Amino acid sequence: MTLSEEATERLADVVELQPTKNSELQDRWEMESGSEVHQYLENELGDYYFRDDNSLIRATAEAADLVDVEPGIESDPDAEGAPSRVRVPELQVQIVDVLAGPDEKSESVVSVLHALRDEFDVDPDAEDVRSGLQSLRRKGVVEVEYRTVPTFRLAAPRDEIEVEAAN
């Protein structure tokens with residue numbers, strides 16, 4: 001199956017962002033809805049992606065070989081826990097820089113938002129911070145603790161995870 005230039009670029013996004021959800025691809029591809037993303041995946045990239053046990057979108061090995069993009073996550077196959085390297089958007093790199101470590105008290109989205117403002121002089125929406133934390137959670141970099149509100153901390157020590165900007 002030969003892919004168009006657009007389909008190849010979008011497949012590269014799947015490889016880079018995996019594991020991902022319709023909503024992340026919707027934002028990246030500037031589509032109107034998650035169902036539009038689902039339709040595109042099924043119609044154009046059906047041979048190159050699958051959904052894992054948690055219904056997250058992942059690229060097949062063939063897809064990774066087909067596009068010249070490094071996967072968004074690298075892990076030691078013999079190790080459990082957090083991945084050794086992730087490529088994520090800049091906001092998520094900043095979140096990792098300010099987020100509580102694995103032995104510290106977990107933080108709320110609002111706490112992380114304030115830390116980002118103080119450390120980087122940025123002003124992201126709270127929803128973007130929440131989304132970034134959830135994306136990092138899906139990648140195994142962040143763990144969530146449910147108290148009155150969901151709170152977050154790193155899943156492993158900062159020096160054990162290499163986090164770099166994807167864009």
Just in the stretch 34-91: which chymotrypsin sites (Phe, Trp or Tyr not before Pro) are loop by DSSP and have at most 16 other Cβ atoms within 10 Å? none
State the answer as a single residue: which of Ser55, Val15, Gly34 lies farthest towards the positive end of the charge dipole of the stretch 5-74, with beta carbon charges of +1 for Lys and Arg and -1 for Asp and Glu, about the Cα centre. Ser55
Rh (Kirkwood, all Cα-Cα pairs) for the chain, Å, reads 16.7 Å
Can you give me the C-alpha center-to-center distance between the stretch 1-33 and the stretch 96-120, rounded to a whole angstrom? 29 Å
Using DSSP to define loop residues, name the trypsin sites (Lys or Arg not before Pro) in the stretch 114-152 whose beta-carbon has at most 11 other beta-carbon atoms within 10 Å. Arg147
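Rounded to the nearest 20 Debye, what is the dipole magnitude of the stretch 5-74 about its Cα centre when Lys and Arg each give +1 and Asp and Glu each give -1 at the C-beta?
The dipole of the stretch 5-74 has a size of about 300 debye.
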Using the 2.2 N^0.38 Å rule of thumb for compact globular proteins, work out how the stretch 5-74 stacks up: its C-alpha Rg over that value, please. 0.98
If exposed means GluC sites (Glu not before Pro) lying in a DSSP loop and surrounded by at most 12 other beta carbons within 10 Å, then the longest stretch of the chain lacking such sites spans residues 105-167
Compute the distance from the alpha-carbon center of the stretch 34-68 to that of the stretch 127-153, in whole Å. 24 Å
When you take every Cα atom in the stretch 88-139, what is the radius of gyration, and what is Dmax, the widest Cα pair distance, in Å? 10.0, 27
Measuring with a 1.4 Å probe in the full set of protein chains, what accessible area per residue, in whole Å², belongs to the chain? 56 Å²
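The values are calculated or read from the model by the stated rules, or taken from the named source; none is laboratory data. This structure is a prediction, so every number in the text was calculated from the model and none was measured. Reconstructed Cβ throughout: ideal geometry from the backbone, glycine too, with neighbour counts over all protein chains shown. When the accessible area is computed, the model is the full protein with side chains, heavy atoms only, and any ligands, DNA or RNA have been set aside. Shrake-Rupley method; radii C 1.70, N 1.55, O 1.52, S 1.80 Å.
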